[in-house]
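Below you'll find the structure, written out as structure tokens, and then a few comments.
The values are calculated or read from the model by the stated rules, or taken from the named source; none is laboratory data. What you see is a predicted model, and the numbers here were worked out from it, not measured in a lab. FYI the Cβ positions are ideal-geometry reconstructions off the backbone, even for glycines, and counts take in every protein chain you see.
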């Protein structure tokens, strides 16, 4: 809810706790899904490095779980994140 409400900081706190609980219970799919959302929250908060870490961890789990569609979505999200950090190739027009 916090993520959709434009409150990524609150979302990060809630998702971090949810991830901890999924880890404690051994729920790999829950961990992967939470990491995916955590990556989005970090991205929305301007924390690209943390976003990349969360998404990469989610990708590893989705691949382990053979969740191919989810894994592909994460790969796309990582590519989009990398594109954000590339310097602009536009030159100023004089």
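For the residues 18, 32, 58, the requirement of being within 17 Å of residue 80 (Cβ to Cβ), at pLDDT 95 or above, part of a helix (DSSP H, G or I) and touching a helix residue (DSSP H, G or I) at 6+ places or on another chain (Cβ under 8 Å) singles out 58. Answer with yes or no whether residue 11 is over 18 Å from residue 84 (Cβ atoms), at pLDDT 95 or above and in a helix (DSSP H, G or I). No, not satisfied.
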